[in-house]
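Below is one structure; the comments refer to it alone.
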Amino acid sequence: MRLHLRRLRAVAYNTYLETVRQRLFLGFVLFGFLLMAASLILKDISIRQDLKILEDVGLAATEFFGTLIALFLGADLIGRDVERRTLHLLIVKPLTRTEFIVGRYLGLCLTILTSVVLMAIGVALALLTAHGSFSWALAEAIFSIFLQLCLTGAISTFLSATASRPLALLGATVVCLLGRMTDVLKNASLILEGFPDWLGKGLYAGLPNLLSFDLKTRAIYGDPIPLSLLGYLVFYALAYITALLALAAMAFERRDLK
């Protein structure tokens, strides 16, 4: 077990170093900070809504750019090594394919955590500039965003292990978009004429409900966020992540890398 954890840590650490050094990651984080800087100008032209605008823009930027990081870096997580044929040097004993998948995903989660922490610091500094404060509700909302991004990363990792890089990115993007429309899909047959009712309900049951992780409005307007809800979101995210990584590992074990 100790050797197993050591191999996972080595893969995760190397993945983290690779991803945070990519220009894509640095660019997304930079754009997020620029967006929050722009919100400092917007709050000056609002009436009694300056802090709410800063919080809204900050949380939205954290979620949006974090999602882009999870999608683009996650879809590229395994496909890059397959196309460059460097994977044959990595998948050697005693490192197994399952350890490689899990280690890669953990490294991606560390990268996501880095982006979320940096953006949270940016939100806190913006609020401090406007004589506001970083509340516990904002921390809870950012934590739920982090859970959502880890789930998004698991979707990208699964598709990266089963498809080419362009298809993995496209598929992960579509799944994430549909995951934010699960309530609409449930009743799609009532909205769209001819849409199969079984298809809408099947998508509703099978796709992760990413919209349930959206606590931004509650945090901004001071609505209470019970710890039971956060506990449910943690369990929900872990259940989907475990299932996706298990499916990714099984598919990757059977994948021909020649």
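The values are calculated or read from the model by the stated rules, or taken from the named source; none is laboratory data. What you are looking at is a predicted structure, and each value in this text was computed from that prediction instead of being measured. Glycine gets a Cβ as well: all are built from the backbone with ideal geometry, and neighbour counts include every protein chain shown.
Only one of the numbered conditions (1) within 18 Å of G206 (Cβ to Cβ); (2) surrounded by 20 or more Cβ atoms within 10 Å (Cβ to Cβ); (3) of a type outside the set (K, R) is not met by G153, and that is (1). In this structure, V116 does not satisfy being aliphatic (A, V, I, L, M) and modelled with pLDDT under 90. Being at pLDDT 80 or above and out of contact with any strand residue (DSSP E or B) (no Cβ under 6 Å at 6 or more places or on another chain) holds for only one residue in L177, L199, and it is L177.
Counted as qualifying within region 197-258 are the helices (runs of 4 or more DSSP H) with 3 or more residues that are surrounded by 12 or more Cβ atoms within 10 Å (Cβ to Cβ), out of contact with any helix residue (DSSP H, G or I) (no Cβ under 7 Å at 6 or more places or on another chain) and among the hydrophobic types (A, V, I, L, M, F, W, C), namely 227-254. Is it the case that region 103-112 has a residue that's in contact with a Phe, Trp or Tyr (Cβ under 6 Å, 6 or more places away or on another chain), of a type in the set (G, A, S), modelled with pLDDT of 80 or more and within 22 Å of V57 (Cβ to Cβ)? Within region 103-112, none of the residues are in contact with a Phe, Trp or Tyr (Cβ under 6 Å, 6 or more places away or on another chain), of a type in the set (G, A, S), modelled with pLDDT of 80 or more and within 22 Å of V57 (Cβ to Cβ). The residues of region 80-102 that are part of a loop (DSSP other than H, G, I, E, B) and modelled with pLDDT of 70 or more, listed by number, are P94, L95, T96. Contact map, region 154-175: first residue in contact (Cβ under 8 Å) with a residue 60 or more places away in the chain and over 19 Å from Y240 (Cα atoms), second residue of a type in the set (F, W, Y) and surrounded by fewer than 24 Cβ atoms within 10 Å (Cβ to Cβ), Cβ cut-off under 6 Å, separation 6 or more or different chains; the map is empty. Step by step: first the residues of region 41-79, then only those that are in a helix (DSSP H, G or I), modelled with pLDDT under 65 and surrounded by fewer than 18 Cβ atoms within 10 Å (Cβ to Cβ), then the one that is nearest to the chain's Cα centre (by Cα). Which residue is that? Going through the qualifying residues, I end up with L42.
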